[in-house]
1. Across segment 35-73, what is the total count of residues that are under 18 Å from Arg91 (Cα atoms) and either part of a helix (DSSP H, G or I) or open to solvent by less than 70 Å² (accessible area, probe 1.4 Å) (or both)?
2. Can you tell me which residue among Leu344, Leu297, Leu352 is more than 21 Å from Asn419 (Cβ to Cβ) and either in contact with a helix residue (DSSP H, G or I) (Cβ under 8 Å, 6 or more places away or on another chain) or at pLDDT below 85 (or both)?
3. If you check every pair at least six apart or on different chains, which have Cβ atoms under 8 Å apart with a residue in segment 246-274 that is under 19 Å from Gly217 (Cβ atoms) and β-branched (Val, Ile, Thr) first and a residue that is in a helix (DSSP H, G or I) and open to solvent by 10 Å² or more (accessible area, probe 1.4 Å) second?
4. Among the residues of segment 39-56, is there at least one that is modelled with pLDDT of 80 or more, of a type in the set (Gly, Ala, Ser) and touching a helix residue (DSSP H, G or I) at 6+ places or on another chain (Cβ under 7 Å)?
5. For residues that are modelled with pLDDT under 75 and farther than 19 Å from Tyr39 by Cα, scanning just segment 74-102, find the one that is most open to solvent (accessible area, probe 1.4 Å).
6. Out of Leu264, Leu286, report the one residue that is part of a helix (DSSP H, G or I) and open to solvent by less than 80 Å² (accessible area, probe 1.4 Å).
7. Mind listing whichever residues of segment 437-483 are modelled with pLDDT under 60 and among the aliphatic types (A, V, I, L, M)?
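The values are calculated or read from the model by the stated rules, or taken from the named source; none is laboratory data. Values in this document were obtained by computation on a predicted structure and should not be read as measured data. Cβ atoms come from the backbone with ideal geometry, glycine included; neighbour counts cover every protein chain shown. Calculation scope for accessible area: heavy atoms of the full protein, side chains included, ligands and nucleic acids excluded. Shrake-Rupley method; radii C 1.70, N 1.55, O 1.52, S 1.80 Å.
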Amino acid sequence: MEKTYEMTQETHLQEKQIAPLRDICVSVLVLLLATLLGYLFYIVGFTEANIITVYILGVVILSVITTNRFCSLVASVVSVLVFNFFFTVPRFTFRFVDPGYYVTFLIMFFASFLTGTLASRLKENAAQSARAAFRTKILFETNQLLQKEHETHDVIAATAGQLTKLLKKDIVMYPAKNGILQEPILYPAGENVPDDLLTEKERGTAEWTFQNNKHAGATTDTLAGAKCLYLAIRVNEHVYGVVGISINERPLDSFENSVLLAILGECALAIENINNEKEKEAAAILAKNEQLRANLLRAISHDLRTPLTSISGNASNLISNYQRMDDDSLTQIFTDIYDDSMWLINLVENLLAVTRIEEGRVNLNGTAELMDEVITEALKHVDRKSKDHLIQVSSESEFLLAQIDAKLIVQVIINLVDNAIKYTPEGSEIEIYTCERGSMVEVSVSDNGPGIPDEQKARIFDMFYTGANKVADSRRSLGLGLSLCKSIITAHGGTIEVKDHEPKGTTFTFTLPGIVKCEV
């Protein structure tokens, strides 16, 4: 590494020596050409003013093509001397006879010097404009690049790539998370990966920069022994990380430093925007959860009052009048208590199931199940009032298999059938039909009740949505059953939808992953 450093430093010194040498050679060549052209003018018989113009032009050209402004000043003096030597009487000496040449030489010098100075300033302005345009282009590209990223580590990587391309130096990035500097990530500028930029000394310098929000390391007065210059990636006082730039023998010039700071500012803003977006998403989720909780509490306080009041009233009636009641009255009271209790139990089961599925705490135990058996098991648990409805089960195939969690699918069928029983009058028909649709098994639950208005279909699977429908006993549902159905079917990789049943009524259709059909 030390040998490489010395070779690089020697190359840099050679470049600094070559530039003035080149300027000297160019100056001599331009003045020589100006003299030859002036001599040609002299032979042709042009006036001295024309020859002086040639030398002024030569000074202007030198001001444009040389890197040192001192060249134009020296060229102005040398032009006067060369003009005096070759073109004033007596020729080929530095003496002159006409006293008016004092004024000529003075005007020639100032004209050459002023035009050369103006040309140098124009060149510098053009260079500054080019640098400004380049800086704007780099910042625009960086901004466009960072806007495409949606994760902090991608923004860090994109920023490091831009800095490596711009500065041609090795870059070390230290992302920050929860107020702690993370492990460094090295982005080498060439094929050789440096091994001295990730030492404890370098990390200590980066930590100091992170804690103090100030520059440190190489080319600074703080921890100057470090190999890298460390700068904070920050917005105001908030530091999102630290970047280290390997300095080696060549420090950053003012232009590179200004572009570097601008890119780091873009990086910090991009990270801040990502963090703000995540905070907004978290706040939106929290607000949604709070809204769901508020809806649940409101629904429980309102809709649970009726069954609880009925249970407590019937229980009080039994306590006070049990001995005086006949068997029919007792049977009716016990039936009412049972119905209300089952309604509450079903509600709690649905609520717990929805909560577990929404939080991703349900693991599907998928097995090959006969759909006829699943439907038969579900019908054993439907509402007791199903005896007032005609329920028919049919299938496209006698043996239709699906890869499902049978317990959850039984809950789906129970909810759909109970829903049809609750919202259709006594004597209505309910049909459960299964068939194959490609690689999926399709199950439909249809009724010939009053149906669901079109404006309610879009929200029918939303949690706590009940629309304007009421069950036969005027008790409103909490709107959990269909939401649970959708969650379970989605977890299985299927779909569920609602549509009108011709000529009247409603059809709920859901799909499940099927397997090879058994043939007998």
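1. At the first step, the residues of segment 35-73 found to be under 18 Å from Arg91 (Cα atoms) are 35-52, 55.
With either part of a helix (DSSP H, G or I) or open to solvent by less than 70 Å² (accessible area, probe 1.4 Å) (or both) added as a condition, the list becomes 35-45, 48-52, 55.
Within segment 35-73, residues that are under 18 Å from Arg91 (Cα atoms) and either part of a helix (DSSP H, G or I) or open to solvent by less than 70 Å² (accessible area, probe 1.4 Å) (or both) number 17.
2. On inspection, the qualifying residue turns out to be Leu297.
3. Val259/Arg135; Val259/Ile138; Val259/Leu139; Val259/Leu166; Ile263/Ile138; Ile263/Leu139; Ile263/Gln162; Ile263/Leu166
4. No, because not a single residue in segment 39-56 is modelled with pLDDT of 80 or more, of a type in the set (Gly, Ala, Ser) and touching a helix residue (DSSP H, G or I) at 6+ places or on another chain (Cβ under 7 Å).
5. So the first thing to find is which residues in segment 74-102 are modelled with pLDDT under 75, and the list is 96-98, 100-102.
Okay, now just the ones that are also farther than 19 Å from Tyr39 by Cα, so 97-98, 100, 102.
Working: Val97: 108, Asp98: 83, Gly100: 34, Tyr102: 150 Å².
Here the residue is Tyr102.
6. Testing whether each residue is part of a helix (DSSP H, G or I) and open to solvent by less than 80 Å² (accessible area, probe 1.4 Å) leaves just Leu264.
7. Residues satisfying the conditions are Ala468, Val471, Ala472, Leu478.
This table checks each residue for (1) open to solvent by 40 Å² or more (accessible area, probe 1.4 Å); (2) out of contact with any Leu (no Cβ under 7 Å at 6 or more places or on another chain); (3) not in a helix (DSSP H, G or I).
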{"site": "Ser112", "(1), (2), (3)": "no, yes, no"}
{"site": "Arg121", "(1), (2), (3)": "yes, yes, no"}
{"site": "Ala126", "(1), (2), (3)": "yes, yes, no"}
{"site": "Ala132", "(1), (2), (3)": "yes, yes, no"}
{"site": "His150", "(1), (2), (3)": "yes, yes, yes"}
